[in-house]
Amino acid sequence: MKKQEYIHLLRNALGEILTEELSAAPNELYLALKPKALSKLPDVCSLLTKSLRGQFVTIIANDEQSIRGLFSLYYIFSLPADDLFIILRVSVDAQHREVPSISSSIEAADWFEREMKDWFGIIAFPNIRKLAVHPDWPEEVYPMAKEFNPRQTIPRVKGTFDFRHVEGEGVFEIPVGPVHAGIIEPGHFRFSVAGEPIINLDAQLFYTHKGTEKIAEGLTPQRALWLAERISGDSTFAHALAFCHAIERICAREISARALVLRTTLLELERLYNHVSDIGSIFLDVGFSVGAAMAFQLKERFMQLNEMLTGSRLLRGMAAIGGLRRYPNKSQWNALHAELATGRVEFNSFIDLAMSASTAIDRLETTGVLSHKDAYRLGIVGIAGRASGIARDFRQDHPHCSYPHLQFKVAQHEEGDVLARMNVRIDEVRESFNILEQLHRQYDHGSIAATSEYREASGHALGYVEGWRGEIVHWIMLDEHGKIYRWKITDPSFHNWRALKVAVLNNIVPDFPVINKSFNLSYSGNDR
Amino acid sequence: MSEFVYTAVVSILQLLVVLLLAPLATGIIRKTKARLQNRRGASVVQPYYDLTKLFKKEVVLPSTASWIFRFTPYIVFGSTLAIALLVPTIATPVPFHWIGDIITVIYLFAVGRFFVALAGLDTGTAFGGLGSSREMSLASIIEPAMMLAVFTVAVTAGSTDLSIIVSRLSFTPVSIIHPSHLLAFVGLFIVTIAETGRIPVDNPATHLELTMIHEAMILEYSGRYLACIEWASQMKLFVFMALIANMFMPLGIATSFSFVALAIGLGAFIVKVSILAILVALVESSNAKLRLFRVPELLMVAFVLSLLALILYFIIGS
């Protein structure tokens with residue numbers, strides 16, 4: 001279906017309440033909801049998700065008082081069948097910041113609505129429980145509103161965490177964190193347990209909030225890229241690339257074929273080392289230390305490979321707007337593929353050995369099940385979604401980089417348990433080796449220059465990649481000077497934290513660490 | 001007079017062997033595990049350094065802790081030392097064997113466990129309570145399996161006195177390969193793994209509080225208290241290995257009081273314990289930790305093996 005057909009369809013169903021707006025990228029359709037039709041917002045959204053099979057992607061709140069004298073909300077839906085994003089813009093009055101909540105029909109939007117209340121003061125009643133600011137943060141101080149100065153110190157108020165209390169005979173609470181044993185990011189968990197089975201889990205996150213989106217405002221894209229690399233260390237390149245994509249779409253910049261191949265290679269290398277590391281960590285958490293040690297050795301090799309190729313184990317300092325900062329020479333490129341060939345053999349023999357460890361596999365099977373129904377309801381993305389039978393992969397749905405020219409299969413499992421999430425990783429590692437091999441053949445040693453020059457531009461666009469954890473979506477608006485006006489980062493972790501709460505229910509407390517590890521969500525990417 | 005010398009020398013040796021060699025056994029297990037993971041691993045004497053370090057460190061006490069918390073390390077250490085006097089290591093019979101038999105040994109361990117569980121609750125933390133509750137529920141299934149395994153050996157040897165069991169077996173080495181004896185060995189080995197908190201029952205190397213059993217109870221300990229508890233745990237594992245080694249392979253143990261016999265006894269003992277330590281490391285490396293609720297099934301295996309051993313003994317006879 002074409003853009004016009006969608007508009008036609010929506011108008012037929014809902015009447016003249018939507019007007020098309022300008023878009024910088026061909027696969028983005030901006031539709032503004034007329035202010036008097038605000039109450040129809042939930043209907044439009046359910047039409048998009050239910051009848052048109054759109055997938056909820058993110059909500060962006062934006063303080064546009066200096067542009068149009070009001071706040072805007074952008075509801076983004078992905079339509080994988082047509083590689084299209086439908087972006088619904090809703091105007092919100094600066095004095096009465098209220099919109100109807102859509103999370104009763106689209107539960108995936110729940111956290112997004114709570115975040116926009118905490119950061120912008122836009123209320124989607126009744127979804128007002130604090131999420132992105134801690135209880136000691138004063139009411140009516142909205143850090144993402146333009147009038148808020150990030151350099152000031154806000155006096156804290158008294159407040160206690162608003163946990164859901166479960167009462168009953170033999171029910172007690174176990175508080176864990178925010179400081180954990182081992183090298184883990186901070187987050188506070190509150191378990192309500194009856195003996196060993198978990199009957200409720202509440203989490204307080206946002207301990208690693210760095211104000212990335214706020215401090216980037218007013219920076220040039222070239223400088224903000226430096227921040228993009230630091231959103232979540234394990235997805236350094238994916239986040240940086242999503243950022244570059246958004247800027248390149250605003251500036252209508254073409255990328256050379258060689259840069260595309262290398263960008264895809266780096267994305268797959270990031271996937272490779274993270275997946276292998278997670279497989280090891282899952283084994284470590286069930287006490288299968290031999291399996292873990294083997295995986296960590298492999299991970300180390302892949303990270304050294306990253307360093308050989310780029311000078312950084314975490315692929316830092318590679319992404320650049322319009323291409324890449326550095327290009328490997330022929331010998332590095334060939335060494336990479338020689339190493340990958342041996343890595344592939346070792347990975348396969350490691351998996352053969354590990355999968356024969358029956359006590360380890362027994363721990364992973366049926367542990368932490370996230371049913372397809374729950375995963376669909378919560379809009380779970382990435383590996384966690386694919387392990388619960390949700391075939392959602394931006395590499396296929398919204399092809400970017402070299403993916404349109406590559407043959408690969410999207411991994412999918414149905415069981416939704418820890419083993420399924422590990423199997424998705426194993427399948428994807430194998431697929432990554434295939435992709436990297438294809439890329440090796442496609443690499444063109446010719447021109448590296450972008451086919452067009454960088455020119456300052458204003459406007460807004462989406463930038464997205466399928467990172468190893470799931471889809472990473474950035475939305476950027478540049479002002480008339482080409483500086484960042486608004487930058488919204490959506491890490492897959494923000495979608496998936498709620499899956500963890502569902503998956504642990506009725507599991508026993510000692511199984512929590514391995515369930516948590518099987519999702520391996522980023523605190524830093526979630527909190528930003 | 002010679003009676004007195006014998007008592008003094010063997011008892012002191014007995015204590016020294018357990019006190020000084022226990023950390024080594026732990027070191028061997030850790031080293032073997034490291035090698036199996038392709039790691040170089042810390043030196044086998046690392047546990048000694050760790051203990052020395054802990055003894056020098058300051059003690060931090062939780063503000064909610066009562067005297068139970070402060071006394072527990074000494075009670076655990078003391079009860080384990082008392083056991084060290086009863087279990088033959090390099091010589092048999094041990095001079096104080098008349099004080100108590102194998103049942104005394106089992107219940108001296110229970111005293112230690114009781115107090116550690118109390119101390120875990122005493123700190124008032126969620127993890128301590130979690131650990132204590134898990135420890136006690138597991139203890140209630142470990143104990144019957146352990147009793148049956150031990151009784152099987154006692155019945156075959158005709159006594160519950162450890163020294164007499166070991167002495168009799170060392171004079172009739174053929175009985176070691178008796179099927180009921182071998183089954184009881186496997187039963188007791190499983191019990192040892194469970195009782196001393198090794199994989200697949202508990203993971204002594206984990207940093208994940210939520211999965212811990214024994215470690216969760218002692219999370220709040222530090223300094224010399226932690227040293228006492230760690231050392232006692234190492235001795236407990238060591239004593240269990242000594243029990244297995246001498247009840248099932250009493251070869252080489254000194255049965256007379258002479259320098260040469262004691263030296264041979266010591267050498268044979270070190271070899272046997274090292275083999276067992278490597279065996280423990282192999283089991284730990286080739287298994288993952290079991291699901292908490294699968295542990296009873298494992299102990300049921302130990303129980304059934306011991307029961308079979310007992311039945312076989314009555315069917316086949318000695």
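Would it be correct to say that A:THR310 is polar (S, T, N, Q), under 30 Å from A:VAL57 (Cβ atoms) and over 21 Å from the mean Cα position of the chain (by Cα)?
It is true that A:THR310 is polar (S, T, N, Q), under 30 Å from A:VAL57 (Cβ atoms) and over 21 Å from the mean Cα position of the chain (by Cα).
So which residues in segment B:269-305 are farther than 19 Å from B:GLY27 by Cα and away from every other protein chain (no Cβ under 14 Å)?
B:LEU299, B:MET300, B:ALA302, B:PHE303, B:VAL304, B:LEU305
Restricting to segment B:166-200, and then to whatever is within 14 Å of chain A (Cβ to nearest Cβ) and outside any helix (DSSP H, G or I), can you tell me which residue is farthest from the chain's Cα centre (by Cα)?
Across segment B:166-200, the extreme among qualifying residues is B:PRO200.
Is it true that A:ILE448 is at pLDDT below 90, in a loop (DSSP other than H, G, I, E, B) and touching a Leu at 6+ places or on another chain (Cβ under 9 Å)?
Numbers: at pLDDT below 90: yes; in a loop (DSSP other than H, G, I, E, B): yes; touching a Leu at 6+ places or on another chain (Cβ under 9 Å): yes.
When the stated conditions are applied, A:ILE448 passes them.
Of these, A:GLU307, A:GLU270, A:GLU300, A:GLU346, which one is charged (D, E, K, R), in contact with an Asp or Glu (Cβ under 9 Å, 6 or more places away or on another chain) and farther than 30 Å from A:ILE106 by Cα?
Going through A:GLU307, A:GLU270, A:GLU300, A:GLU346 in turn, the sole match is A:GLU270.
Are any residues in segment A:346-362 loosely packed, with under 12 Cβ neighbours inside 10 Å and more than 14 Å from chain B (Cβ to nearest Cβ), and if so, which ones?
Matches in segment A:346-362: A:ASP352 only.
Looking only at segment A:270-305, filter to residues that are at the interface with chain B (Cβ under 7 Å from one of its Cβ atoms) and of a type outside the set (Gly, Ala, Ser); which one of those is farthest from A:SER356 (Cα to Cα)?
A:GLN297
Among the listed residues B:ILE264, B:ILE213, B:ILE244, which satisfies the condition of being over 30 Å from A:PRO178 (Cβ atoms) and touching a helix residue (DSSP H, G or I) at 6+ places or on another chain (Cβ under 8 Å)?
B:ILE244
Right, B:MET212: out of contact with any His (no Cβ under 8 Å at 6 or more places or on another chain), more than 14 Å from chain A (Cβ to nearest Cβ) and crowded, with 22+ Cβ neighbours inside 10 Å or not?
Values: out of contact with any His (no Cβ under 8 Å at 6 or more places or on another chain): yes; more than 14 Å from chain A (Cβ to nearest Cβ): no; crowded, with 22+ Cβ neighbours inside 10 Å: yes.
So B:MET212 does not fit the description; no.
Taking the condition assigned to a loop (DSSP other than H, G, I, E, B), in contact (Cβ under 8 Å) with a residue 12 or more places away in the chain and closer than 20 Å to A:LEU462 by Cβ, does A:ARG53 pass?
yes
Regarding segment B:25-44, can at least one residue be identified that is closer than 25 Å to B:ILE83 by Cα, loosely packed, with under 15 Cβ neighbours inside 10 Å and away from chain A (no Cβ under 14 Å)?
No, there is no match, as no residue in segment B:25-44 is closer than 25 Å to B:ILE83 by Cα, loosely packed, with under 15 Cβ neighbours inside 10 Å and away from chain A (no Cβ under 14 Å).
Residue check: is B:THR152 in contact with a Phe, Trp or Tyr (Cβ under 9 Å, 6 or more places away or on another chain), touching a residue at least 40 places away in the same chain (Cβ under 8 Å), surrounded by 23 or more Cβ atoms within 10 Å (Cβ to Cβ) and over 19 Å from B:ILE244 (Cβ atoms)?
Taking the combined requirement at face value, the residue does not satisfy it.
Could you run through segment B:264-293 and say how many residues are assigned to a helix (DSSP H, G or I) and touching a Ser or Thr at 6+ places or on another chain (Cβ under 9 Å)? Steps first, answer last, please.
From segment B:264-293, those assigned to a helix (DSSP H, G or I) are B:264-286, B:292-293; that's our starting set.
Within this subset, residues satisfying the condition of being touching a Ser or Thr at 6+ places or on another chain (Cβ under 9 Å) are B:265-266, B:269, B:273, B:276-278, B:280-282, B:284-286, B:292.
Selection size over segment B:264-293: 14.
Got a number for residues in segment A:321-334 being touching a helix residue (DSSP H, G or I) at 6+ places or on another chain (Cβ under 8 Å) and either assigned to a loop (DSSP other than H, G, I, E, B) or at pLDDT 90 or above (or both)?
Qualifying residue count for the region: 5.
Here are some residues: A:ASN516, A:ASN526. Which one is more than 14 Å from chain B (Cβ to nearest Cβ) and under 19 Å from the mean Cα position of the chain (by Cα)? Reasoning before the result, please.
On the way: A:ASN516 fails: more than 14 Å from chain B (Cβ to nearest Cβ).
Every option except A:ASN526 fails the conditions.
Return only the number of the condition from (1) away from chain B (no Cβ under 14 Å); (2) of a type outside the set (Phe, Trp, Tyr); (3) surrounded by 15 or more Cβ atoms within 10 Å (Cβ to Cβ) that A:GLN222 does not satisfy.
(3)
Of the residues that make up segment A:164-176, is at least one at pLDDT below 90, small (Gly, Ala, Ser) and closer than 19 Å to A:SER493 by Cα? Full working, then the answer.
Filtering segment A:164-176 down to residues at pLDDT below 90 leaves A:164-176.
Narrowing the set further to residues that are small (Gly, Ala, Ser) leaves A:168, A:170.
Next cut, closer than 19 Å to A:SER493 by Cα only: none.
Looking through segment A:164-176, none of the residues is at pLDDT below 90, small (Gly, Ala, Ser) and closer than 19 Å to A:SER493 by Cα.
For B:ALA126, all conditions in the list (1) in contact (Cβ under 8 Å) with a residue 60 or more places away in the chain; (2) within 14 Å of chain A (Cβ to nearest Cβ) hold save one; what is the number of the exception?
Among (1) in contact (Cβ under 8 Å) with a residue 60 or more places away in the chain; (2) within 14 Å of chain A (Cβ to nearest Cβ), B:ALA126 violates only (1).
Pairs, please: C-beta under 9 Å, at least 6 apart or cross-chain, first residue aromatic (Phe, Trp, Tyr) and in segment A:239-262, second in a helix (DSSP H, G or I)?
A:PHE243/A:PRO221; A:PHE243/A:ALA224; A:PHE243/A:LEU225; A:PHE243/A:LEU227; A:PHE243/A:ALA228
Which of (1) within 14 Å of chain A (Cβ to nearest Cβ); (2) in contact with a Leu (Cβ under 8 Å, 6 or more places away or on another chain) does B:HIS207 not meet, given it meets every other one?
Answer for B:HIS207: the failing condition is (2).
Pick out, from segment B:2-111, the helices (runs of 4 or more DSSP H) lying fully within it that include 1 or more residues that are under 30 Å from A:ALA293 (Cα atoms).
B:2-36, B:46-56
Residues are listed down the side, and each one gets a yes or a no for (1) in a loop (DSSP other than H, G, I, E, B); (2) within 13 Å of chain B (Cβ to nearest Cβ); (3) not charged (D, E, K, R):
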{"position": "A:LYS146", "(1), (2), (3)": "yes, no, no"}
{"position": "A:PRO155", "(1), (2), (3)": "yes, no, yes"}
{"position": "A:PRO175", "(1), (2), (3)": "no, yes, yes"}
{"position": "A:ILE183", "(1), (2), (3)": "yes, yes, yes"}
{"position": "A:PHE189", "(1), (2), (3)": "no, yes, yes"}
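Filter segment A:294-320 for residues that are assigned to a helix (DSSP H, G or I) and out of contact with any helix residue (DSSP H, G or I) (no Cβ under 8 Å at 6 or more places or on another chain) and give the result.
Once the filter is applied, which keeps residues that are assigned to a helix (DSSP H, G or I) and out of contact with any helix residue (DSSP H, G or I) (no Cβ under 8 Å at 6 or more places or on another chain), segment A:294-320 yields A:GLN297, A:GLU300, A:GLN304, A:GLU307.
Return a yes/no flag: does segment A:195-203 have any residue that is surrounded by fewer than 17 Cβ atoms within 10 Å (Cβ to Cβ), among the acidic types (Asp, Glu), assigned to a loop (DSSP other than H, G, I, E, B) and within 14 Å of chain B (Cβ to nearest Cβ).
Yes, segment A:195-203 contains a residue that is surrounded by fewer than 17 Cβ atoms within 10 Å (Cβ to Cβ), among the acidic types (Asp, Glu), assigned to a loop (DSSP other than H, G, I, E, B) and within 14 Å of chain B (Cβ to nearest Cβ).
For segment A:477-528, give me every one of the helices (runs of 4 or more DSSP H) that falls completely inside it and has 2 or more residues that are under 16 Å from A:SER388 (Cα atoms) and in contact (Cβ under 8 Å) with a residue 40 or more places away in the chain.
A:492-503, A:512-519
Do we find a residue being under 30 Å from B:PHE69 (Cα atoms) and modelled with pLDDT under 90 anywhere in segment B:150-164?
There is no residue in segment B:150-164 that is under 30 Å from B:PHE69 (Cα atoms) and modelled with pLDDT under 90.
Only one of B:ASN203, B:ASN246 is outside any loop (DSSP other than H, G, I, E, B) and within 16 Å of the chain's Cα centre (by Cα). Can you tell me which?
B:ASN246
May I ask you to list the residues in segment A:364-376 that are touching a helix residue (DSSP H, G or I) at 6+ places or on another chain (Cβ under 7 Å) and either at pLDDT below 90 or within 14 Å of another protein chain (Cβ to nearest Cβ) (or both)?
A:LEU364, A:GLU365, A:THR367, A:GLY368, listed by residue number.
The values are calculated or read from the model by the stated rules, or taken from the named source; none is laboratory data. Since the model is a prediction, treat every value here as computed from it, not as a measurement. In this analysis, Cβ positions are derived from the backbone assuming ideal geometry, glycine residues included, and neighbour counts consider all displayed protein chains.
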